1. Report, by residue number, each residue of region 60-84 that is more than 9 Å from the chain's Cα centre (by Cα) and surrounded by fewer than 13 Cβ atoms within 10 Å (Cβ to Cβ).
2. Filter region 65-88 for residues that are in a helix (DSSP H, G or I) and touching a residue at least 40 places away in the same chain (Cβ under 8 Å) and give the result.
3. Taking region 44-67 on its own, how many of its residues are at pLDDT 90 or above and over 19 Å from residue 26 (Cβ atoms)?
4. What is the residue count in region 70-88 for residues that are closer than 19 Å to residue 44 by Cα, touching a helix residue (DSSP H, G or I) at 6+ places or on another chain (Cβ under 6 Å) and not aromatic (Phe, Trp, Tyr)?
5. Restricting attention to region 19-34, which residues are over 13 Å from residue 82 (Cβ atoms) and either modelled with pLDDT under 90 or surrounded by 12 or more Cβ atoms within 10 Å (Cβ to Cβ) (or both)?
Amino acid sequence: PALAQPDRDAPFEFRFNFSPNELASVSDAQSLLVRLEQDVRRYCGGNGKMSIDERRFVNTCIDTTMKDSIAKFGSSTLAQAYQSRADG
């Protein structure tokens, strides 16, 4: 399980369960992406009553964790879905 404050000596680890079938098409990958982002947002924390610095930290955590997670999938379909979403 992911921990909000992992041990600094331990490698970063964000666990996410998925089926390879979820990478079969862009529409399936988009659904997986929604689920992944929800889990990442829970992992990074945050709430409505945060300072600007806290919000910036949470947003950086979300950005970094999403990019690192997408890269670890090694799926061009998921990368395409992520890029399409980022492009608007």
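1. Scanning region 60-84 gives 60, 71, 72, 74, 76, 83.
2. Once the filter is applied, which keeps residues that are in a helix (DSSP H, G or I) and touching a residue at least 40 places away in the same chain (Cβ under 8 Å), region 65-88 yields 65, 68, 69, 73, 77, 78, 80, 81, 82, 84, 85.
3. 16
4. Residues in region 70-88 being closer than 19 Å to residue 44 by Cα, touching a helix residue (DSSP H, G or I) at 6+ places or on another chain (Cβ under 6 Å) and not aromatic (Phe, Trp, Tyr): 1 in total.
5. Looking only at region 19-34, we keep the residues that are over 13 Å from residue 82 (Cβ atoms), and these are 19-22, 24-25, 27-28.
22, 24, 25, 28 - these are the residues of region 19-34 that are over 13 Å from residue 82 (Cβ atoms) and either modelled with pLDDT under 90 or surrounded by 12 or more Cβ atoms within 10 Å (Cβ to Cβ) (or both).
The values are calculated or read from the model by the stated rules, or taken from the named source; none is laboratory data. These numbers come from a predicted model, not from an experiment. All Cβ positions, glycine included, derive from the backbone under ideal geometry; neighbour counts span all protein chains shown.
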